[in-house]
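For reference, the structure is listed below as structure tokens.
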Amino acid sequence: MKTLHGRLLPQRLLALFGLGWLLFDFPLLRLWLAEGTVFGLPLLPVALFGAWALLIVLLAQLMESAGARH
């Protein structure tokens, strides 16, 4: 029998996919096309790598918690 977390894992993975889709979708990326900088780096690459890192951390946390329960 699957645990509650086991049944929710596919839904959480789909939600994470949706978050990634939204973060890398063009309308949201237009927000980062400003002339600003972060520590001397252009805003768009910093935002892209930050969103990418966030998705990796969330996926790792989700998969590690799923592996710990099995």
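The values are calculated or read from the model by the stated rules, or taken from the named source; none is laboratory data. Being a predicted model, the structure only gives us computed values, none of them experimental. Cβ sites come from the backbone with ideal geometry, for glycine too, and all protein chains shown count toward neighbours.
The residue of region 25-70 that is nearest to Leu8 (Cα to Cα), among those that are among the aromatic types (Phe, Trp, Tyr) and surrounded by 11 or more Cβ atoms within 10 Å (Cβ to Cβ), is Trp52. Of all residues in region 3-53, those satisfying the criterion of being modelled with pLDDT of 90 or more, of a type in the set (Gly, Ala, Ser) and touching a helix residue (DSSP H, G or I) at 6+ places or on another chain (Cβ under 7 Å) are Gly20, Ala47, Ala51. Can you name the residue in region 3-24 that is surrounded by 11 or more Cβ atoms within 10 Å (Cβ to Cβ) and among the small types (Gly, Ala, Ser) and is also nearest to Glu64 (Cα to Cα) among such residues? Step by step, filter region 3-24, then rank; the result is Gly6.
Ala34 satisfies every condition listed in (1) within 16 Å of the chain's Cα centre (by Cα); (2) of a type in the set (Gly, Ala, Ser); (3) not in a helix (DSSP H, G or I) except (1).
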